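Below you'll find the structure, written out as structure tokens, and then a few comments.
The values are calculated or read from the model by the stated rules, or taken from the named source; none is laboratory data. Note that the structure is predicted; figures quoted are calculated from it, not measured. Glycine gets a Cβ as well: all are built from the backbone with ideal geometry, and neighbour counts include every protein chain shown.
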Amino acid sequence: MAKGTHDYSLDKRNAQILININGEFKKRSEAVVSVFDSGFMLGDGVWEGLRVHKGRIAFLDDHLKRLWQGAKALDLDLGLSKQDLKDRLYDTLDANEMEEGVHIRLMVTRGIRSTPYQDPRIVTSAPTIVIIPEYKQPLKATLEKGIRLFTVHIRRGRADVQDPKLNSHSKLNCILACIQAIKAGADEGLMLDPQGFVATCNSTHFFIVRNGEIWTSTGDYCLGGITRGHIIRLCRKHELPVFEKNFTLTQVYDADEAFVTGTFAGVAPVVEVDGRIIGTGKRGELTQKMQQHYLAYLDASCSGRFA
């Protein structure tokens, strides 16, 4: 059994990677940011997780659109264009001679502050932009045997508290949800919305299958997932009934199948929620079908690099 959808096998090549910090390459052991950096000090920034397939960063335009939306919400000027950032990402892959089986963490913070304080007017530098590429692939067990979820007491909040659609560095609520799930013996946390309906997981998006229909949350209380959106579109393309709607844990417990989606693992089965076995307790037929549809779509989308 895997330990969550982000579980992976260690790769010795990662010890030698070059990390891009503000356009300069640093060895892993030398890649550092200031203790006065806004991200380290306050979680003030936005980020994206990116997947590299066939030498191409999958769905990069979608990810950069979300990054720019988040930066605008934070009133953060990246100081470069989307094309500039694309070039920097691919320069980093080229410097590491990477083409396949790579996951990138792209992080942007407001920059360095003159003193430990939250007011953005005391920032004294341009934004900090860090690109960490690593050889990482999801475990076979994740994709075949699936994961176990536990419903945590930490809720996905309203937009007037901290907008769940903002992919910020401030992830403490998700970390606490993950901790609670681990303490309960599960792999990841299933999170409810303020009304008690199923919202999302602490690091992935959640789907169930009932009577041939695929359900996911309304999306009101979760990040605008890139993979989630592609799965919904693929369902419609292949004439599979898919619904974004409110549903409860009662409807989860007697679902025929369940799965989660995310950039790293794509589509992964969920075989247990709160100790209840979902369906047969094994990867379901529709889940496997969605894995196949997604991989085919990923292959077709990564036929060449972005211009």
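At-a-glance table
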read-out	value
Unique residue being surrounded by 15 or more Cβ atoms within 10 Å (Cβ to Cβ), under 25 Å from Ile226 (Cβ atoms) and either touching a helix residue (DSSP H, G or I) at 6+ places or on another chain (Cβ under 8 Å) or at pLDDT 95 or above (or both) when the list is Glu48, Glu99	Glu48
So Leu85, is it out of contact with any helix residue (DSSP H, G or I) (no Cβ under 8 Å at 6 or more places or on another chain), in a helix (DSSP H, G or I), farther than 26 Å from Ala177 by Cβ and touching a residue at least 40 places away in the same chain (Cβ under 8 Å)	no
Test result for Leu93, touching a Pro at 6+ places or on another chain (Cβ under 7 Å) and either buried (at least 18 other Cβ atoms within 10 Å of the Cβ) or acidic (Asp, Glu) (or both)	yes
Residue that is farthest from Gln291 (Cα to Cα), among those in the stretch 254-279 that are of a type in the set (Gly, Ala, Ser) and not in a strand (DSSP E or B)	Gly275
All helices (runs of 4 or more DSSP H) inside the stretch 113-213 with 3 or more residues being under 21 Å from the mean Cα position of the chain (by Cα), of a type in the set (D, E, K, R) and surrounded by 18 or more Cβ atoms within 10 Å (Cβ to Cβ)	none
In the stretch 17-39, the residues that are free of Cβ contacts under 8 Å to residues at least 24 places away in the same chain and under 24 Å from Thr263 (Cβ atoms)	Arg28
